[in-house]
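Readers should treat all values here as calculations from the given coordinates under stated rules, not as data from a laboratory. Just so you know, these numbers come straight off a predicted model, no measurement behind them. Positions of Cβ are generated from backbone atoms using ideal geometry, with glycine treated the same way; all protein chains shown enter the neighbour counts.
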Ligand code: ADP
Ligand code: ZN
């Protein structure tokens, strides 16, 4: 099963992605994670990506598409994969069309007014990627799941978040229509309820597909 996970920044894609990939034995491919790993390792791609990510803009399509195309040729993708954060515009979606066969698109809709606070208060585990909100951490700085150190992503600040949300609305939201027309979309509503609740709904729909 090959899936796409669609949703605004802060909609909870990362958390659902881990759960979905675990449950269905899929490779979790997050373009954001790939870029952050490249930045950490100081690669050429990382250097380039950083200049866009810090501003909340999309990394150019040529670079992003090439990375994904290459990643999809790895042996592990044969068992199925979950694309998280790709495609993010219609150019990338058209490109993907030519190198992949997608079975469904999981779309998480969420009230935009929640996102600024969610993202600016988000803290992420350096080790396992789990995310938390400062309001529930009570001053703790380590991950409840693995003990790893929590950090704040550099692009989780008001100015960059504003531009990420603008980019989402202008470039990524049209993909909902795009995949609806292809008959691939599965719609869900992200709320403030625990992630498990949303995951149960997603699981019910994906179980039907299998
Ligand atoms: P979020 O969904 O919270 O914005 P991601 O980790 O998916 O976080 O992406 C972080 C940043 O990485 C984006 O703001 C963008 O700059 C870059 N990025 C990730 N995926 C793509 C993509 N498919 N195309 C272009 N840029 C991307
Ligand atoms: Zn952790």
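Convex hull of alpha carbon positions in the stretch 34-172: directionally averaged projected area 9.7 nm².
Computed from the C-beta positions of residue 41 and residue 201, the FRET efficiency with R₀ = 35 Å rounds to 0.40. Counting beta carbons within 10 Å around each of 151, 24 and listing the fewest first gives the order 151, 24.
Among beta bridges from DSSP that stay inside the chain, the antiparallel ones total about 25%.
When every Cα-Cα distance of the stretch 144-187 is counted in 5 angstrom steps from zero, the calculated P(r) takes the values 5, 17, 14, 12, 12, 13, 15, 9, 2 percent.
Each label point was placed 7 Å from the Cα along the Cα-to-Cβ direction; for residue 137 and residue 163 their separation is 2.4 nm. Computed over the chain, the per-residue total of -39500 (n - 2.57) for DSSP H runs of n ≥ 4 gives a 222 nm mean residue ellipticity of -13000 deg cm²/dmol, rounded to 500. Both the radius of gyration and Dmax for the stretch 100-210 are 16.3, 46 Å, in that order, over alpha-carbon atoms.
Taking 0.36 nm per residue of separation and subtracting the current Cα-Cα distance, fully stretching the chain between residue 75 and residue 170 would add 30.7 nm. Plugging the Kirkwood radius over Cα pairs into Stokes-Einstein for the stretch 1-61, at a temperature of 37 °C and a viscosity of 0.692 mPa s, what D comes out in µm²/s? Translational D for this selection: 254 µm²/s.
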